[in-house]
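This report refers to the structure that appears directly beneath it.
The values are calculated or read from the model by the stated rules, or taken from the named source; none is laboratory data. Bear in mind that the values here come from a model prediction, so they are computed numbers and not experimental data. Neighbour counts run over all protein chains shown; Cβ positions are idealised from the backbone, glycine included. Areas reflect the complete protein model, heavy atoms only, side chains present, ligands, DNA and RNA absent. Shrake-Rupley method; radii C 1.70, N 1.55, O 1.52, S 1.80 Å.
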Amino acid sequence: MKTQDLIDRFGLTAAAGKDGTDREIAGGYCGDLLSEVMANAPIGCVWMTIQVHQNIVAVAVLREMAAIVLAMDNQPDPETCEKADREKIPILLYSGTSYELAGKLYGAGIVNKTAGE
Amino acid sequence: MAALKKSFQLKSRDFMHAGEASISVQNMLKQIGIEPALIRRVAICAYEGEMNAVTHGENGNFRIEVNTDKIILDISDEGPGIEDIEKAMEKGFSTATEEYREMGFGAGMGLPNMETNSDRMDIESEKGQGTRVVMRFSLSPGSRKNET
């Protein structure tokens, strides 16, 4: 599944990084501690978090993520959007919880092959 | 291959640019054809080192060198220094402020992540004298500490 399919299928809104929505999703991860995500998120994953400041974009670039999802109606800071546009990292908005979306993604066949890879 | 060197200045609390040195290093290593698994290890170490210098340090300097047999990341700052290095290496120990914790820093995983993902890490630090962390990554698979 590509990021654009995820947006269409689960009613997400792209707040930034719209040029990067054609990437294939290779897994999912939930976390709000940046070092923990940096160490453990699978390469190419969709990352569900409630962090909204600009440092999330560097983490997503370095872990080669497909997208960041801000759960619970959290809104990205303006600087976060600028960086995400520049790095082509989609920032997606979801009104429900990370848990709920993670369940839907898992049900749609997005599973992690191995942790951290 | 001639040694490749690149260096970056890191400004204290400059979150607008924090992470850019690490992303630049990642791109550079991709361009010269370093294997993806090794780039990922270097990227984790670069990011943690860069964020430490930006959040705790002053006048940070971030340097990478790639030579025939290894990659060296050398990150230093003129910040407050580390009082007890052994304690700082403990998983979960952090001196991050409440403000930084709210931003997702201060998990107490930075230095342990750097040690786990490099083949060798050396820290020089004294209270009030700044901190220097040098990490080495072998380019020959046989002499690596780990492969994850």
statement: By accessible area (1.4 Å), largest first, A:8, B:14 order as A:8, B:14
Between the stretch B:1-68 and the stretch A:1-42, the Cα center-to-center distance that results, in Å: 24 Å
statement: Here, residue B:123 and residue B:24, labelled 7 Å along Cα→Cβ, have an inter-label distance in nm of 2.6 nm
- prompt: So how far, in whole Å, is the C-alpha centre of the stretch A:94-113 from the one of the stretch B:96-148?
  reply: 32 Å
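Within the stretch B:1-31, report the trypsin sites (Lys or Arg not before Pro) that DSSP leaves as loop and that have at most 14 other Cβ atoms within 10 Å.
Hits after loop and neighbour filter: B:13.
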- line: Computed for the stretch B:4-143: size of charge dipole around the Cα centre, +1 on C-beta of each Lys and Arg, -1 on C-beta of each Asp and Glu, debye to nearest 20, value 560 debye
- request: Once you have the Cα-Cα distance between residue B:143 and residue B:100, take 0.36 nm times their residue separation minus that, and quote the gain in nm to one decimal.
  value: 11.8 nm
query: Tell me, what is the percent relative contact order of the stretch B:4-143, built from C-alpha pairs under 8 Å that lie six or more residues apart?
result: 26 percent
field: Summed side-chain charge close to residue B:64 - residues other than residue B:64 whose Cβ falls under 12 Å, Lys, Arg +1, Asp, Glu -1
entry: +2
message: Per residue of the stretch B:12-29, what does 6.51 cos²θ - 1.76 cosθ + 1.60 with θ = phi - 60° give for ³J(HN,Hα)? Whole Hz please, x for Gly and Pro, Karplus curve as stated.
response: 4, 6, 8, 6, 4, 10, 4, x, 5, 5, 5, 5, 5, 5, 4, 5, 4, 5
- request: With a 1.4 Å probe on protein heavy atoms only, work out how much accessible surface B and A bury together, total over both chains, in Å² to the nearest 100.
  value: 2000 Å²
message: Ranking request for peptides B:59-66, A:93-100, B:45-52: highest mean number of other beta-carbon atoms within 10 Å first, then the rest in descending order.
response: B:45-52, B:59-66, A:93-100
- request: Could you tell me what percent of the DSSP beta bridges with both partners in the protein assembly as shown are antiparallel, to the nearest 5?
  value: 75 percent
- prompt: Can you give me the relative contact order of chain A as a percent, contacts being Cα pairs under 8 Å and 6 or more apart?
  reply: 32 percent
query: Along the charge dipole of the protein assembly as shown, which of B:89, B:24, B:111 sits closest to the positive end, that is, farthest toward it, with unit charges on the beta carbon of Lys, Arg, Asp and Glu (+1, +1, -1, -1)?
result: B:24
message: Less than 14 Å Cβ to Cβ from residue B:26, Lys/Arg counted +1 and Asp/Glu -1: what total charge do the surrounding residues give?
response: -1
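With a sphere of radius 12 Å drawn around the Cβ of residue B:122, what net charge do the other residues whose Cβ falls strictly inside it have (Lys, Arg +1; Asp, Glu -1)?
-1
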message: At a cut-off of 30 Å², which residues of the stretch B:100-132 become less accessible once all protein chains are present than in their chain alone, using a 1.4 Å probe?
response: B:103, B:104, B:107, B:109
- request: Counting only heavy atoms of the protein chains, get the accessible area per residue of the stretch A:3-107 (1.4 Å probe) and round it to a whole Å² value.
  value: 38 Å²
Dipole magnitude (debye, nearest 20) for chain A, charges at Cβ of Lys, Arg, Asp, Glu: 240 debye
